[in-house]
1. May I ask for the angle, rounded to the nearest 10°, between helix 122-133 and the longest principal axis of the chain, with both axes built from Cα atoms and the value confined to 0 to 90°?
2. Which whole-number percent is the relative contact order of the chain (Cα, under 8 Å, 6+ apart)?
3. With N denoting the number of residues in the stretch 19-133, provide Rg(C-alpha) divided by 2.2 N^0.38 Å, to two decimal places.
4. Anything over 30 Å Cα to Cα? Flag those among 74/107; 8/126; 43/84; 25/107; 8/120, in the order listed.
5. Could you state the angle between the C-alpha long axis of helix 83-106 and the longest principal axis of the C-alpha atoms of the chain, as a value from 0 to 90 degrees rounded to the nearest 10?
6. What is the distance in Å between the Cα centroid of the stretch 61-135 and that of the stretch 37-59?
7. What 222 nm value per residue comes from the helices of the chain, counting each DSSP H run with n ≥ 4 as -39,500 (n - 2.57) and dividing by all residues, nearest 500 deg cm²/dmol?
8. Once both axes come from the Cα atoms, what is the angle between helix 22-33 and the longest principal axis of the chain, in degrees from 0 to 90, rounded to 10?
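Derivation of every value follows stated rules applied to the coordinates shown; laboratory data play no part. Keep in mind that this is a model prediction, so the values were computed, not measured. We place every Cβ from the backbone using ideal geometry, glycine too, and count neighbours over all the protein chains shown.
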Amino acid sequence: MDRLTKEKRSWNMSRIKGRDTKPEKIVRSILHKAGFRFRLNRKDLPGKPDIVLPKHKSVILVHGCFWHRHPRCKYAYTPKSRVKFWQKKFSENIERDKFVKKELRKKGWKIVIVWECKTKNPEIIKNHLFRYLHR
């Protein structure tokens, strides 16, 4: 049973952004401070990756733990109401993520995934990004 009215739940969900989220801004700030130049949400690439580093032939996907189902993360919970709806939604997201990664790899792009919960500690993200980008 949902504690919110249908209208209030709809309003809450409409406020969830798909781009320029706080975790994305944190990752972009780290990259910019380190001197990396990047593009955002390139429409010509599968899945319109959050951050694209053309010089390094790399994309960075900043995944929300809830929506993309970060394994063993406390933020990847399943709501108690409309369970079947959410299970279907999450499985579709996971399948889409797999497809997008496969297509990007086919085109020769390296993929770095940054999970939302990890952006709480920018130093960890910085090390994670540099490890992949300096290969």
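1. With both axes taken from Cα atoms, the answer is about 50 degrees.
2. Details: 130 pairs, mean separation 33.7, N = 135.
Worked out over the chain, it gives 25 percent.
3. Values: Rg = 14.7 Å, N = 115, 2.2 N^0.38 = 13.4 Å.
Compared with the compact-globule rule of thumb, the stretch 19-133 sits at 1.10.
4. Working: 74/107 34 Å; 8/126 38 Å; 43/84 32 Å; 25/107 26 Å; 8/120 28 Å.
Checking Cα-Cα distances, 74/107; 8/126; 43/84 exceed 30 Å.
5. 10 degrees
6. Spelled out, the Cα-based centre of one part sits 16 Å from the other.
7. Numbers: 5 runs with 61 residues, N = 135.
Estimated from H runs of four or more residues: -14000 deg cm²/dmol.
8. Approximately 10 degrees, to the nearest 10.
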